[in-house]
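Here the structure is laid out as structure tokens; the discussion comes afterwards.
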Amino acid sequence: MTIQNWKGDVAVAKKLGFHFSATRPPEPKLVCWLPLCADWYKLNYDDESIGNLGEAGAGGILRDGQRIMIFAFYEFLGTQTNAYVELFAIVHGVQLARHLGYQQIWVEIDTQAVLHLISKEEGDWQLLTKLRMLKRQMHLKFTHVYREGN
């Protein structure tokens, strides 16, 4: 048990025989918006679901190098898995950008598992197939970002 888990009087807890382990606070992480090269645009997205196979939605924003919003979107997706919702947000955002004529998109992803799925180019989900097709037609860059920076 750690002191952070105890909501009552620590002195009383110690007299009752509870032992607390010393914990270190997490190291702070520097989170910032990285600038873009000319003619590149950044897609950030977020998803929300009630459980992993629950009611879900996804949205995103495309910005230019000056952080000016180009477009934003949101869509309710019904009952879906977390991975599906994240991939939907990425594919939908990239498709919208392509439709509007933007060809160089940097997608920041806050889930390592989804970044792994995209980089391995394995799996036969329809969304991964669409993303592979878009990667052949556009310049896409995928990097990890901490959730706080997304």
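The values are calculated or read from the model by the stated rules, or taken from the named source; none is laboratory data. Predicted, not measured: the structure shown is a model, and the values here were computed from it. Cβ sites come from the backbone with ideal geometry, for glycine too, and all protein chains shown count toward neighbours. Just so you know, the surface numbers come from the protein's heavy atoms only, side chains and all, with ligands and any DNA or RNA stripped out. Shrake-Rupley method; radii C 1.70, N 1.55, O 1.52, S 1.80 Å.
Within region 15-29, track down each residue that is in a loop (DSSP other than H, G, I, E, B) and either at pLDDT below 75 or within 30 Å of LYS141 (Cβ to Cβ) (or both). Result: LEU16, GLY17, PHE18, HIS19, PHE20, ALA22, THR23, ARG24, PRO26, GLU27, PRO28, LYS29. If we scan region 62-72, do we find a residue that is part of a helix (DSSP H, G or I), out of contact with any His (no Cβ under 9 Å at 6 or more places or on another chain) and in contact (Cβ under 8 Å) with a residue 12 or more places away in the chain? There is no residue in region 62-72 that is part of a helix (DSSP H, G or I), out of contact with any His (no Cβ under 9 Å at 6 or more places or on another chain) and in contact (Cβ under 8 Å) with a residue 12 or more places away in the chain. Name the single residue, out of those in region 71-105 being of a type in the set (D, E, K, R) and either closer than 19 Å to CYS37 by Cα or open to solvent by 30 Å² or more (accessible area, probe 1.4 Å) (or both), that is nearest to the chain's Cα centre (by Cα). My answer is GLU75. Quick one: would you say ASP46 is open to solvent by 70 Å² or more (accessible area, probe 1.4 Å), in contact (Cβ under 8 Å) with a residue 12 or more places away in the chain and outside any strand (DSSP E or B)? Answer is no for this residue. Residue under question is ILE68, and the condition is that it be at pLDDT 90 or above and open to solvent by 50 Å² or more (accessible area, probe 1.4 Å); does it hold? Considered against the rule, which asks whether it is at pLDDT 90 or above and open to solvent by 50 Å² or more (accessible area, probe 1.4 Å), ILE68 comes out as yes. Only one of the listed residues (CYS32, CYS37) is at pLDDT 80 or above, more than 17 Å from GLU86 (Cβ to Cβ) and open to solvent by 50 Å² or more (accessible area, probe 1.4 Å). That residue is CYS37.
Taking first residues from region 84-106 that are under 25 Å from LEU53 (Cβ atoms) and partners that are open to solvent by 50 Å² or more (accessible area, probe 1.4 Å) and of a type outside the set (S, T, N, Q), the Cβ contacts under 6 Å between residues at least 6 apart in sequence or on separate chains come to VAL91/LYS130.
Residues checked against (1) of a type in the set (Phe, Trp, Tyr); (2) in contact with a helix residue (DSSP H, G or I) (Cβ under 8 Å, 6 or more places away or on another chain):
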position: ASP39; (1), (2): no, no
position: GLY65; (1), (2): no, no
position: GLN95; (1), (2): no, yes
position: LYS120; (1), (2): no, no
position: LEU131; (1), (2): no, yes
position: TYR146; (1), (2): yes, no
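For region 97-104, the condition holds for at least one residue, the condition being that it is part of a helix (DSSP H, G or I), farther than 16 Å from ARG147 by Cβ, touching a Leu at 6+ places or on another chain (Cβ under 9 Å) and at pLDDT 95 or above.
Looking only at residues of region 106-150 that are within 15 Å of ALA83 (Cα to Cα) and either assigned to a loop (DSSP other than H, G, I, E, B) or at pLDDT 95 or above (or both), we find that the one that is least open to solvent (accessible area, probe 1.4 Å) is ASP110.
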